[in-house]
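The values are calculated or read from the model by the stated rules, or taken from the named source; none is laboratory data. Quick caveat: nothing in here was measured; it's all calculated off a predicted structure. FYI the Cβ positions are ideal-geometry reconstructions off the backbone, even for glycines, and counts take in every protein chain you see. The accessibility values were calculated without ligands, DNA or RNA, using every heavy atom of the protein model including side chains. Shrake-Rupley method; radii C 1.70, N 1.55, O 1.52, S 1.80 Å.
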Amino acid sequence: CNATDLQGFVIGGHGDTTMIPLTRYATYQSLPVSELLDEATLAKVAADTMVGGATLTGLLGTSAWYAPGAAGAALVEAIVRDEKKLFTCCVALEGEYGQNDICLG
């Protein structure tokens, strides 16, 4: 499938046990993926997502460059093509909402 037709969300920490894929919100061309994949396949996709960083590290020696690079490329592409996309972000809080030393996104 074309990656631009697929949408998904992940919440939680950046680690194998704290990253939680929200498969119920995943869509392909605006259709819930739960209508296209069986429960076992969806569970495998979620499990693979949780260990994605470790998988890249095992293959390439690091995963620290991939996600920031892919996100930066997607942002530049959206700007250049004037796609009017919304991008989620995570920011370090320094007193906002009464929170410090925590990232929220």
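Residue count for segment 76-88 satisfying the condition of being surrounded by 10 or more Cβ atoms within 10 Å (Cβ to Cβ) and either within 17 Å of Gly13 (Cα to Cα) or under 14 Å from the mean Cα position of the chain (by Cα) (or both): 0. Of the numbered criteria (1) open to solvent by less than 60 Å² (accessible area, probe 1.4 Å); (2) outside any helix (DSSP H, G or I); (3) within 14 Å of His14 (Cα to Cα), the one Ala54 fails is (2).
Could you run through segment 1-37 and say how many residues are open to solvent by 90 Å² or more (accessible area, probe 1.4 Å) and more than 16 Å from the chain's Cα centre (by Cα)? Residues that pass the stated criteria total 5. The set of residues in segment 60-91 being modelled with pLDDT of 85 or more and in a helix (DSSP H, G or I) consists of Gly69, Ala70, Ala71, Gly72, Ala73, Ala74, Leu75, Val76, Glu77, Ala78, Ile79, Val80.
Scanning segment 89-101 for residues that are open to solvent by less than 80 Å² (accessible area, probe 1.4 Å) and under 19 Å from the mean Cα position of the chain (by Cα) gives Val91, Ala92. Of all positions in segment 35-54, at least one carries a residue that is in contact with a strand residue (DSSP E or B) (Cβ under 6 Å, 6 or more places away or on another chain) and of a type in the set (Val, Ile, Thr).
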